[in-house]
Amino acid sequence: MSAPGRSQARIPQRLVRRAIGGVALALLCAALPAQAAEFPPALAHDAPGLQPVVGLQHTCSSNLFGLRSGAAAQRLFGDPQLSDCWTAAQGGVRFDNDGEVGRLHGHALIERTQYRHYRVLNFTGHDVLLAYTLNHAPQWSLYASASDRSAQQNLAILQAPLPDLVRRQVLAVGGARRIAGPFDMTADAAFIRVANGAVSQRPYDTRIDLVRLGPRYTSAAGNSIGYVLTLLQGRYPHAALQTGNAPLADYRQVENGAQFNWSDDAFWQVSGTAGYLRYTAPSLPALNFSGVVADMQAKLAVSDKTALGLTLYRKLAAYNTPTTNYQVITGAQLSATWTVDAAVRLQADFTHDTAIFPGTSRRDRIQGGGLTVAYLPRPGTQLALRYARSSRSSNALDESYSNNILSLSLQQAF
């Protein structure tokens, strides 16, 4: 077994397998496929103003890199161990000043993560956010936010014990303005910058500019339906440094869609978007693709302590390889939450996805589920435990694997 701290140069470039491009909405909203439940659960900000917070989390994973077996790991990067445990310590401050029409909030956190076996992955990251909203509805509303976060790359995507501290910076602005009667116009803009810390990953640095706008109708009951046009431009400023793998090319993405939100007070809510997406790479037309996309959510309050949620989606994402240029993911996520009493909360979730890769015979089925228990013995203190299992079944060689994750978290706000 090679030492955990082996040099980066021993990791072949062919290990890096990425889904490239088409990621702005994923960066702003959700990953592909659907994200698992948030863990640890968000801790309520009970006190206005500045509030110091600390957190400690210990996690163990049975398959850190999403590989089929230890033999595959040995063959790829010289170490057969798939499992590892790591501890993350976090500290910083949160701020919240919620007024009658305006709200200023944010946080500044520093995190130190240490692995037990793959110590080369140890890192110090940060998470900074500042956001402001001004709500003069129904006449107009505005928001602006800026965030800066650095964290270790998702190792199941990277498939190598490569230290790659990814820094993601997002600036977003937007709002709504009444046009006439129940009609208003919404507009949003986002500027996203993603930088990889590893030299071998510099070609995958991205610059994404996004504009989204359209009219909306809102009924007297608060239900709304509208049209939204999304224009996105993505660039790889260091693509010329690429020495292998699939080609990179700057791209444009246009999506026309309908957006809706219907609810019956606190009992149920249905919302989502559905439309048609077109992805083009002007300098490399072979990477172009298009298709129908949708993302719909439903929430139902079964009782004052129990709620159910369902999300249905169809997503397209660039996946540049010698045999295909994109993947189509369709799936569903079902969740349930229970408030046992003032101190104990439970959440269960299950996700089922299918992924196809046009132009190939590859078909993947991804399933995942988990259970989260949160205990709040006093205001500002939360102890949470989560167990999750995920599996990917594929007819492609060495693409099937499973993973079990157990995580324990303690959060304290002062």
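The values are calculated or read from the model by the stated rules, or taken from the named source; none is laboratory data. Bear in mind the structure is a predicted one, so any value in this text is a computation, not a measurement. Here Cβ is always computed from backbone atoms with ideal geometry, including for glycine, and neighbour counts include all displayed protein chains. These accessible areas exclude ligands, DNA and RNA; they are computed on the full protein's heavy atoms, side chains included. Shrake-Rupley method; radii C 1.70, N 1.55, O 1.52, S 1.80 Å.
State to the nearest 20 debye the size of the charge dipole of the chain about its Cα centre, where the only charges are +1 on K and R beta carbons and -1 on D and E beta carbons.
It comes to approximately 1180 debye.
Mind checking the per residue accessible area of the chain for me, 1.4 Å probe, whole number of Å²?
About 50 Å² of surface per residue is accessible.
Just to be sure I understand: with springs between alpha-carbon atoms less than 10 Å apart, which residue in Ala318, Ala198, Ala221 has the highest mean-square fluctuation in the Gaussian network model of the chain?
In the Gaussian network model the winner is Ala221.
Around Arg68, what is the net charge, scoring Lys/Arg as +1 and Asp/Glu as -1 over all other residues with Cβ under 11 Å from its Cβ?
0
Compute the signed sum of charges (Lys and Arg +1, Asp and Glu -1) over the other residues within less than 14 Å, Cβ to Cβ, of Pro52.
Counting the neighbours of Pro52, the net charge comes to -1.
Run the quick spin-label model on Phe350 and Ala44: label points 7 Å from Cα toward the beta carbon, then report their separation in nm to one decimal.
Placing both labels 7 Å beyond Cα along the Cβ direction yields 3.0 nm.
Counting Lys and Arg as +1 and Asp and Glu as -1, what is the net charge of the other residues whose Cβ lies under 15 Å from the Cβ of Asp295?
The answer is +2.
Quick one: if the Förster radius is 45 Å, what FRET efficiency do Arg389 and Ala137 give, using the C-beta to C-beta distance and rounding to 0.05?
That pair, Arg389 with Ala137, gives E of 0.60.
Taking the simple approach of a point 7 Å from Cα along Cα-to-Cβ for both Leu229 and Arg167, what is their distance in nm?
Simple spin-label model gives 3.6 nm for this pair.
Assuming 0.36 nm per residue, please report the length gained on full extension of the stretch Leu397 to Ser83 beyond their Cα-Cα distance.
Answer, rounded to one decimal: 110.9 nm.
Tell me, what is the FRET efficiency for Asn261 and Ala336 to the nearest 0.05, using R0 = 22 angstrom and their Cβ-Cβ distance as r?
For Asn261 and Ala336, the calculated efficiency is 0.50.
Over the range 216-307, calculate the relative contact order: mean separation of alpha carbon pairs under 8 Å at least 6 apart, over the residue count, as a percent.
23
Among [x] 21.5; [y] 28.0; [z] 20.0, which one is mean projected area of the Cα convex hull in nm² computed from these coordinates?
Read-out from the structure maps to [z].
Set the Förster radius R0 to 41 Å, insert the Cβ-Cβ distance between Ala240 and Arg112 as r into 1/(1 + (r/R0)^6), and round the FRET efficiency to 0.05.
The pair Ala240/Arg112 has a calculated efficiency of 0.75.
Along the Cα→Cβ direction, 7 angstrom out, place labels at Arg314 and Arg202. What is the inter-label distance in nm?
4.2
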